[in-house]
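A short write-up of the structure that comes next.
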């Protein structure tokens with residue numbers, strides 16, 4: 001397991017991916033083999049051969065049936081989304097996606113509530129915070145937008161989209177000092193990003209004019 005998980009665990013090389021189920025398929029074989037060996041040892045010492053064969057066949061049939069039944073869920077993004085709403089309605093990703101849909105449908109109250117629930121469910125994930133900040137930006141609610149973007153950059157200082165918006169939001173809120181500091185931080189962190197250069201320079205120029 002250690003050998004097979006290390007290439008996808010940012011140990012050998014940085015993959016820029018924290019966790020994904022597809023990266024755990026091969027490493028999980030080691031755990032499965034370990035559990036299976038314990039089970040086989042116990043069964044082999046106490047069960048007749050016929051029962052052991054029947055149990056193995058039952059496990060294979062049930063596992064294959066479950067896999068076949070779930071295969072259709074992966075047909076497309078919409079099918080997967082509907083399955084997630086049915087199977088894991090309280091997961092942060094489901095709350096996040098449903099919250100965005102609510103916002104796009106004009107139901108801002110439920111959209112905000114769901115995105116905040118997604119943030120509470122996974123506080124270390126910046127995506128829901130950033131999307132909530134974008135919706136606040138659209139509504140010109142500068143203070144809550146700034147709060148979410150500031151939290152996002154504190155959690156993940158390499159999250160470029162939040163740094164692109166944060167200086168402008170702080171400037172719109174009227175906090176020229178924090179806006180200037182955020183713009184300079186963004187330029188220091190991402191000196192070669194053209195969008196960062198454009199947004200940060202515009203904020204610094206506007207701040208000086210004020």
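Bear in mind that the values in this text are calculations on the coordinates, not laboratory data. Computed from a prediction, not measured in an experiment: that's the story for all the values here. Cβ coordinates were reconstructed from backbone atoms using ideal geometry, including for glycine residues, and neighbour counts include every protein chain displayed.
Details
- Over all projection directions, the Cα-based convex hull of region 97-172 averages an area of 4.4 nm².
- Per principal axis, descending, Cα span of the chain in whole Å: 86, 42, 26
- Residue exposure sequence - 192, 138 - by fewest surrounding Cβ within 10 Å: 192, 138
- Using C-alpha pairs under 8 Å with a sequence gap of at least 6, the mean separation divided by the residue count of region 4-147 gives a relative contact order of 10 percent.
- Solvent-free Debye scattering, log10 I(q)/I(0), computed from the Cα coordinates of region 139-210 at q = 0.12, 0.15, 0.18 Å⁻¹: -0.26, -0.40, -0.58
- Helix 92-104 vs. the chain, principal-axis angle (Cα, 0 to 90°, nearest 10): 50
- Largest-first principal axis extents of the Cα set of region 2-74 (Å): 50, 32, 10
- 222 nm mean residue ellipticity, helices alone, for the chain (DSSP H n ≥ 4; -39,500 (n - 2.57); rounded to 500): -24000 deg cm²/dmol
- For region 139-210: relative contact order, % (alpha-carbon pairs under 8 angstrom, 6 or more apart): 28
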